[in-house]
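Encoded as structure tokens, here's the structure I'll be asking about.
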Amino acid sequence: MNKLIIGRYLPGNSWVHQLDPRTKLLASFYFIAIVFMANTWLSYLVMFAGVMVMIAASRIRIGFFLRGVRPMIWLILFTVGLQIFFTTGGHVYWQWGWLHVTHYGLINGAYIFCRFVLIIFVSTLLTLTTQPLSLADAVESLLRPLRYLHVPVTELALVLQIALRFVPTLMDQTTKIMNAQRARGVDFGTGGLFQQMKAVVPLLIPLFVDSFGIAEDLATAMDARGYRGGDGRSKFRVLAYHSRDWVAGGSMIVLTALLLLTRR
Amino acid sequence: MDITFDHVSYTYQAGTPFAGEGLQDISVTIHDGSYTAIIGHTGSGKSTLLQHLNALLKPTSGTVTIGDRQITSETSNKNLKPLRQQVGMVFQFAENQLFEQTVARDIAFGPKNFGVPEAKANALAEQMVTLVGLPASVLSQSPFDLSGGQMRRVAIAGVLAMQPSVLVLDEPTAGLDPAGRRDMMQLFAKLHREQHLTVVLVTHQMDDVADYADHVLVMDHGRLVKTGTPREIFADPVWLTANQLGLPKTTQMAMALQRRGFKFAELPLTTSALAAALLPQLPVKAGERDE
């Protein structure tokens, strides 16, 4: 579980770290959307160059990003495989029954691979440089207009923040309870499916009990400190756009222009 | 069963960018039948050390020898069950491990995992519940209906029911009331005395170290910085304070008395030793001389 890089935050003080979380969130979504517009080698090259500039600005070693791809590699290879074997058109290199490798298939496979890598790099960059709580703040701020449609935005953001806040706590608790049950002779991850399912019960029940305990304590603590819903509540971290956020937005426009020039 | 650490180091999340040092070059032997206390401030590596005692963690380098089993970084996770049965482990806030529908079933859970037949495991549950000082009537209750202190006792009973030969205790009395603390510590001492159980105790209570342990390991920043008998460890109050540790209350009291003119050949560690050392020095009242 500790090998997962996506979702981790790496403290730092780089240009990217200092961007407003809203900028980073919007830019990441925007980048992921325009990845699908790339359809020539040159346009993919442009996108990769864009990501490399962002990574350089974050001053995080490229190794982190490559590691981020690793847990997804089987999903990627599976999808690429589908593309290669089932795309028709162009020169046929190899055929066996209804499986065939064609020119278009190979190109599509390579494109899909690039898309995956680009998307993973950008999402990894987002979470490595942004604290989860800032991300939740950004979501709240971006969803604010929906309040006029009576969407409980602050409550949703609170739920998101609490969930994010307690991920590490629950991971810790999971490790502790697993250790306690292993010490009592439970083997996790061995034996048949039924045995493994049975082994999870002594882990899940204490976790549930603990989560309810945490929820109750948290509710009491919030009550005791006078929490009465998010409306009109002031913020400790006030989000504000700075000049670098405009630079980041401008870069996205430049990237889009380059992409439009190089795509077919 | 001796447990020997030979140049053991442990790195958390080895090979990732988040790697952190857990233990550094630990060499020590915990002898069969001893009562060893491990002290050190929070984050000094005590709990990491404990988890090596039953191979929950495997050393990144070095060897841990538990009885006749050698554990190195290459040891596979299979066939560790016999070892886990021999080294019972009571974790901090052990009540968190309870999950069964009844107390009896939760206590019998450990033994059954180690292949003890159902009937025998249930008999063990009854026996252990009495041993930890709970009425037999709780056996059929849900563990979640009990008080925190009672749940802790059930969890401890669950570990004792595995009939280990080494009992590892990670702050077993944290959060218990004074009576509960005393009961539990005396139970462990009794098991140590009568059944020659090897006990390893992690604690912040220097009084417990002075009262029960015959050997002390002091940890700091993942290193073993001092080992010795409680007397040797508590002989240097300045060093202890510098390492964010303290003295047993009795010893503090004795030092205060020393400043008032009382004399001690060696600083007493336990209340009975203090009383014995004080008695000849107390002025006797006139009326009591003849009694």
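Report the paramagnetic label zone for A:T220: residues of segment B:140-154 whose backbone N is under 18 Å from a point 7 Å from Cα along the Cα-to-Cβ axis.
Those under the cut-off are B:144-152.
At what distance in nm do the modelled label points of B:T63 and A:W74 sit from each other, each positioned 7 Å from its Cα along Cα→Cβ?
Here the answer is 3.6 nm between the modelled labels.
With springs only between Cα atoms under 10 Å, which of A:E216, A:E140, A:E155 fluctuates most in a Gaussian network model of chain A?
Most flexible of the set in this elastic network: A:E216.
Label-point separation (nm) for B:E118 and B:R259, each offset 7 Å from Cα along Cα-to-Cβ?
6.6
Kindly identify segment B:30-115 as rounded, prolate or oblate by the Cα gyration tensor criterion: order the square roots of the eigenvalues as a ≥ b ≥ c, call it rounded if a/c is under 1.5, otherwise compare a/b with b/c, prolate if a/b is larger, else oblate.
Cα axes put segment B:30-115 in the oblate bin.
In nanometres, what is the gap between the two model label sites at A:L261 and B:T229, each 7 Å from Cα along Cα-to-Cβ?
Each label point lies 7 Å from its Cα, and together they span 8.5 nm.
Between B:Q141 and B:Q281, what's the calculated FRET efficiency when r is the beta-carbon distance and R0 is 60 Å? Round to 0.05.
Approximately 0.70, to the nearest 0.05.
For chain B, modelled as a Gaussian network with Cα springs under 10 Å, which listed residue fluctuates most, B:A37, B:A174, B:A157?
B:A174
Within segment A:86-119, list the residues whose amide N lies under 20 Å from a label point set 7 Å along Cα→Cβ of A:F48.
Answer for segment A:86-119: A:104-119.
How high is the relative contact order of chain B, given as a whole-number percent (alpha carbon pairs under 8 Å, six or more residues apart)?
That works out to 21 percent.
I've got another one for you. Could you line up B:L282, B:L50 from fewest to most neighbouring Cβ atoms inside 10 Å?
B:L282, B:L50
Using only alpha carbon pairs under 8 Å that are at least six residues apart, calculate the relative contact order of chain A and give it in whole percent.
That works out to 29 percent.
Going by how many other beta carbons lie within 10 Å of each one, how would you line up B:M128, A:M72, fewest first?
By the 10 Å Cβ count, ascending: A:M72, B:M128.
What FRET efficiency comes out for A:L99 versus A:M37 if R0 is 25 angstrom and r is the Cβ-Cβ distance? Round to the nearest 0.05.
Computed FRET efficiency for A:L99 and A:M37 comes out at 0.25.
Also, quick follow-up: Which net charge results when you count Lys and Arg as +1 and Asp and Glu as -1 among the other residues whose beta-carbon is under 12 Å from that of A:M178?
Details: positive: A:K176, A:R182, A:R184; negative: A:D172, A:D187.
So the surrounding residues net to +1.
Which value results when the Cα radius of gyration for chain B is divided by 2.2 N^0.38 Å?
1.13
Another question about this same structure. Below 13 angstrom from the Cβ of A:V16, what's the summed charge of the other residues (Lys, Arg +1; Asp, Glu -1)?
Once positives and negatives cancel, what remains is +1.
Readers should treat all values here as calculations from the given coordinates under stated rules, not as data from a laboratory. All of these numbers come straight from a predicted model, not from anything done at the bench. With ideal geometry, Cβ positions are generated from the backbone for all residues, glycine too; neighbour counts draw on all protein chains shown.
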